[in-house]
Amino acid sequence: MKARARAAGEDIIDFGMGNPDQPPADHIIEKLRETVLDPKVHRYSNSRGIPGLRKALSGYYARRFGVEVDPETETIVTLGSKEGLANLSSAITSPGDLILVPNPSYPIHQFGFIINGAAVRNIPVEPGPEFMAALERAVQHSVPKPTALVLNYPNNPTAIVADLDFYEEVVDFCRHHGIYILSDLAYSEVFFDIAPPPSILQIRKAWDVAVEFTSLSKTYSMPGWRIGFATGNQRLIAALARVKSYLDYGAFTPIQVAAATALNGPQDCVDDVRALYKERRDVLVEGMAAAGWEIPAPPATMFAWAPIPEKFRDMGSLEFSKLLLEKAQVAVAPGIGFGEHGEGFVRIGLCENTHRTRQAIRSIKALLGTSGARKKTRTAVKEAAAE
């Protein structure tokens, strides 16, 4: 629908995909330009990642989390965190296995395992007693016993964060029951008004069962470069390295060199990215509140998890998203796309500048202010909006 609208000449404001709109810092781009001119770098690279980049990732974990990482055996470079998750799913999953995944969740967290023949059992996404009770029920009432648990904090799409006490409780449970943990930490550096989100690998016992995935996509505005990492348990890292050795030769070497420059170089660009998303968050939340749509301010990530306004709630997230696109020329991601427990919400990406965000707010305000009783069908609501 979005592509058709744009092909017809409509100006669509796109909050649907978490696709950073800013380029990386100049020093990162310059390193790429400099390296690509070396005639020796155009051959096959290293599927595990060049040593310099793995050392840079090790340095990041030491600075940020106080965690020592062996760059030879405890980390591997991936083609973004999504590829790492998918390939580790392949490495540890057999048909019929059971995997525990919070719902709602980023789709690859479920489908990486489903593609490999596993079944998925959903658990709550909110850290706390209900989460732990769901883990206990999953072990007691599932055959076979769960193989792995996926975690993602700061969370996409809900922006929920977790603390070290929660991680320690989960680690103790999974170690006791022999369950792997796959932690997605892609939004570790995009946080606002809170303490920096922790890594599960700060819990030393986690190294017995856990692998954590990180990414340069959001932190350094490098999504198209496809650079991420898996770090943690040596056996799981070795399994991922084995799968990758059959599938790819690693990212283009100049990209890996520039990625090492990003991790090793000045980090004010990370502060700038964080400030940019915070400004956009504040404009969105305050503007939507004035328009009549109360959206909780996300403490982290580049997404707002927005409950559908009461007037339109009976439509469901998919039909409401279509309505926003058709009547307000604004694209969002329907919550149902992240699992059935995402119903009743839409995800709004902070991926348009403040001018465009204000433009979207004006269009949505006009839609929210239309007269007509609440309707259950898409046709009825469209008619009310047209009035």
Check: Can you give the angle from 0 to 90° between the axis of helix 253-264 and the longest principal axis of the chain, with both taken from C-alpha atoms, to the nearest 10?
Finding: 80 degrees
Check: Roughly what angle does helix 80-92 make with the longest principal axis of the chain, taking Cα atoms, 0 to 90 degrees, to the nearest 10?
Finding: 60 degrees
Note to self: Let me spell out the model: positive unit charges on the Cβ of Lys and Arg, negative unit charges on the Cβ of Asp and Glu, origin at the Cα centre of segment 196-336. What dipole size does that give, in debye rounded to 20?
What the structure shows: 520 debye
Notebook entry, point to check: Along the charge dipole of segment 26-264, which of Val101, Val150, Ala239 sits closest to the positive end, that is, farthest toward it, with unit charges on the beta carbon of Lys, Arg, Asp and Glu (+1, +1, -1, -1)?
Noted result: Ala239
Checklist line | Reachable lysines from Lys244, criterion Cα separation under 25 angstrom, eight or more residues apart if same chain | finding: Lys40, Lys55, Lys82, Lys218
Check: In degrees between 0 and 90, to the nearest 10, how far off the longest principal axis of the chain does helix 354-368 point, with axes built from Cα atoms?
Finding: 40 degrees
Checklist line | Listed residues Thr214, Thr357, Thr35, most fluctuating in the chain (Gaussian network, C-alpha, under 10 Å) | finding: Thr35
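If you take the beta carbon distance between Ala275 and Asp11 as r and set R0 to 22 Å, what does 1/(1 + (r/R0)^6) give as a FRET efficiency, to the nearest 0.05? All intermediate terms of the calculation are to be shown ahead of the outcome.
Numbers: r = 27 Å, r/R0 = 1.22.
Calculated transfer efficiency: 0.25.
From the P(r) of the chain, can you give the percent of Cα pairs sitting at distances over 26 Å?
Numbers: 40860 of 74691 pairs.
Everything past 26 Å amounts to 55 percent.
Could you work out [θ]222 nm for the chain from helices alone, using -39500 (n - 2.57) per DSSP H run of at least four and dividing by all its residues? Round to the nearest 500 deg cm²/dmol.
Numbers: 13 runs with 161 residues, N = 387.
That comes out to -13000 deg cm²/dmol.
Dipole of the chain, Cα-centred, from +1 at each Lys and Arg C-beta and -1 at each Asp and Glu C-beta, to the nearest 20 debye?
On the way: 42 positive and 44 negative charges, 202 e Å.
So the magnitude is around 980 debye.
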Next item on the list: Using Cα pairs closer than 8 Å and at least 6 residues apart in sequence, work out the relative contact order for segment 113-169, in percent.
Entry: 21 percent
Margin query: Please report the net charge: other residues with Cβ closer than 13 Å to the Cβ of Arg48, K and R +1, D and E -1.
Written below: 0
Next item on the list: Indicate, rounded to the nearest 5 percent, the antiparallel portion of the DSSP beta bridges found entirely in segment 26-264.
Entry: 35 percent
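Only the coordinates and a few stated rules stand behind these numbers; no lab work does. Here the structure is a predicted model, which is why all the values come from computation and not from measurement. All Cβ positions, even for glycine, are placed from backbone atoms using ideal geometry, and neighbour counts span all protein chains on display.
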